Structure formats: structure tokens, C-alpha cells
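Q: Got a structure here, written out as C-alpha cells. Questions coming.
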Amino acid sequence: MIEIIDKLVLLALSSAFCFLNFNSTYAIVYFLIVIIFTCLSTCTEKKQLKVGVFVLFLLISAFYPVLLYYLPIMVYDIFTIELQSAIVFAVIPFIVNFDFYYNNKLLLFCVMVVTGLLIKYKSEKENTLINDYNNLRDDTKELEIILEKQNQTLLENQDIEITAAMLSERNRISKEIHDNIGHLLSRSLLQIGALLTITKEDITKETLTSLRDSISDGMDSIRSSIHNMHDESIDLYNAIHRLTSDFTFCHVNFQYDLTTQPNAKVKSSLINIVKESLNNVMKHSNATNVSIKLLEHPAMYQLIIADNGTLTSTAKWYLAQNKTGDGMGLQSMADRIKAFQGNFNILTDKGFEIFITIPKKGGL
């Protein structure tokens, strides 16, 4: 837009200068020729073509000197950092037609050319400032997006660390209760049992029996609480994440998308299946990439473990015979999943894939 406005101003000034000094019916023809040349120079982006259009204009001006009244417009098109040296060619038609311009207000004409150069210089500086501003704005926006992502990652990592610390503390408390209070209560029950054996008084026996039952109920309550705390202390995400982080045989991509947590037995089984699968990749495959997806659907949990490797001939034979072979652990995995009324499938179309689904009613 700035360039169009500048060229319209220069075109108006040059046309006025031309019509005042060259009163002829052909003036409109020269005006149209200049319009064609400046449009060609504006439309092309190649530097060589711009220079070619400018030089061609100067050659024609050598034979039709009236065209040089519009030289400020052509100078405006060519005056850039890369092409400004081409302006020296403008001297040629001036030298050829010096008498024509000397008699037609040469000084005013030079002022017009200089004005065109100054306008071009001003526009270039303004465009540079606009480009710098746009680049700075884009860079700032990009930095804001990166910073927002980093903050989100920090918050997620902080939540994971807090959860891990909380679960670790629960596990520690449950162990202390089991090792200390649980043993004390067990010893108390043994002592009460011994007293019941040797006492003769009915009232004492009745009191000790009531005390034993109360302590036994307390033991059952503590045992249930310990199991619940232990079940909740199993962090499924962190457990699998540690397995994938420690796996150096090839690259592992881990995707986790659970909003509800399965029970402790399912968690333990899933962790063991992932561990066994990674061991199988090292032993029986030449994979370069492993994908582990743990997903949640409305009615089931889904675990997909896939690699892009090829099986050994022995492994293929065992799979064809519906056997798992010693050490592969596939039968053990299948048995674990069937215990939860789940499905265990193996696909070998593209690499090796284990596809597992566990219904939520069996996993909660």
C-alpha cells in the first residue's frame, strides 16, 4: 500500500512536469508507456528482470527523451540496496539528450529525481520498521507459546511428583503399621490366648475372651486399611514410565490416558506384562521402536504393546503352534488377563503387537 501511494504521487508530479514542458498530443502515449514499464517492474520479483526493464526504459528514452520526465518513477522501482548500482545507467540518455534537458529546466528535473529517491528511501525504512515489528511480534508470540507449554509441563511434573510423594508416604505408613502395631497386637493376642489357657475363673475368661475379640477385630480393621493403603500406593503411570525410561534397547513411546484407576491386582498385572514384553523385545526381536498405549474406554481398559521388529524363526514356530515357548511369558500374560475376564490377542501383521482389554467390572 505504501509503495502504491508513493508511485501515484510521483506519477502525478512527473505527469504535471511533462505536460507543462511538453505540450503535445503524444504526451498521453508516453504516459501509457510509463504505466506499462512501471507495472512490469512492480509485478516481477526477479532482480535481473527489474534491471532489464529499467535499462530498456533508458534505451527507449535515449530516442524519446520525453520519457525521462517519468524517470523518478522508474528510479523508485529500481532503488533498492541490491539494485541501486543500476541507476548509473540513467546517465546515458541524459548525455545523449543533454541539450534537450538543458533547455527544459534541467534543475527542476534533477529535483524531481532526487525527490523520487528520497521517497523510496523513506518507504524502505518504513517497510523495514514494519517488518522488524512483525518479526518481533511473531517471536514474542512464539516465546509466549513455548513458555506456556513449559509452564504446563512443569505443573504436570509437579502434580506427578506430589502424587508420587503422597503414594510413597502412604506405602511407608502402611509398612510401619504392619511392622510395629500389627506385631504388637499379634503378640497381645498370643498372650491373651495363653492366659485363657491357664485361668480357672469364668469371669476372667469372659473378660479375656471379650478383649481377644476386640483386639482381633482391630487387627482385621488395621489389616484392611493397610491393604487399601498399599493398593492406592501403586502408581501405575510412574511404574511403567520407569520401565520405559530404563529401557535402552530401542526407543519407546509411552502413551497414558487413564482417568480412573484399576484395582491393585490389575495394576500389578499390567506392570508385569509391560516388563515381560520389553524383555521379549530384547530377547526375540530386532525392533527399533516400541509403542506402549494404556487407554481407558467407557467399559474397559486397553493396553497395546507393539514393536516394528521381526520375530525369530523359533518364535514364529511357537506362535504358529499356539505355544509360547520357554521364557517368552506370553501364556503367563494371557492367564493374568483371563483372570479378569479380559481378552488377550497377538497380531503379527506389522511387527509384533499384544492387544489387551480388561473390562472395568473386573478391574475396579
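Q: I want to check the label-to-label distance for Ile130 and Ser188. Put each point 7 Å from Cα in the C-beta direction and report it in nm to one decimal.
A: With each label placed 7 Å out from Cα toward Cβ, I get 8.6 nm.
Q: Still on this structure, please answer the following. Where does each of Tyr301, Tyr256 land when they are ordered by accessible area, with a 1.4 Å probe and the largest first?
A: Values: Tyr301 5, Tyr256 60 Å².
Solvent-accessible surface, decreasing: Tyr256, Tyr301.
Q: Going by accessible area, probe 1.4 Å, with all protein chains left in place, what is the ranking of Glu126, Glu148, largest first? Please list the in-between numbers first.
A: Values: Glu126 75, Glu148 130 Å².
Sorted by accessible area, descending: Glu148, Glu126.
Q: What full-extension length gain, to one decimal in nm, is calculated for Thr199 and Ile173 as 0.36 nm per residue of separation minus the Cα-Cα distance? It would help to have the intermediate numbers written out before the result.
A: Numbers: separation 26, 0.36 × 26 = 9.36 nm, distance 3.74 nm.
Separation in residues times 0.36 nm, less the Cα-Cα distance, equals 5.6 nm.
Q: Follow-up. At what distance in nm do the modelled label points of Asn253 and Ile346 sit from each other, each positioned 7 Å from its Cα along Cα→Cβ?
A: 2.4
Q: OK, next. Under 5 Å between amide H atoms, partner at least 5 residues away or on a different chain: which partners does Met300 have, H built in plane at 1.01 Å?
A: When sequence neighbours closer than 5 places are left aside, the close amide H contacts are Lys360.
Q: While we're on this one: In the structure displayed, which of Lys47/Lys125; Lys265/Lys293; Lys141/Lys267; Lys293/Lys338 lie more than 31 Å apart, Cα to Cα? Mind dumping the intermediate values first?
A: Details: Lys47/Lys125 20 Å; Lys265/Lys293 19 Å; Lys141/Lys267 42 Å; Lys293/Lys338 20 Å.
Beyond 31 Å: Lys141/Lys267.
Q: Further, regarding this structure: I'd like the accessible area for Leu295: 1.4 Å probe, protein heavy atoms, all chains in place, Å² to the nearest 10.
A: 30
Q: In a shell of Cβ-Cβ distance under 13 Å around Lys293, excluding Lys293 itself, what net charge do Lys and Arg (+1) and Asp and Glu (-1) give? Display every interim value, and only then the final one.
A: On the way: positive: none; negative: Asp257, Glu296, Asp307, Glu353.
Surrounding charge for Lys293 is -4.
The values are calculated or read from the model by the stated rules, or taken from the named source; none is laboratory data. Because the structure is predicted, anything quoted here is derived from the model rather than measured. Neighbour counts are summed over all protein chains in view; Cβ atoms, including those assigned to glycine, are modelled from backbone coordinates with ideal geometry. Surface accessibility is based on the protein's heavy atoms, side chains included, excluding ligands, DNA and RNA. Shrake-Rupley method; radii C 1.70, N 1.55, O 1.52, S 1.80 Å.
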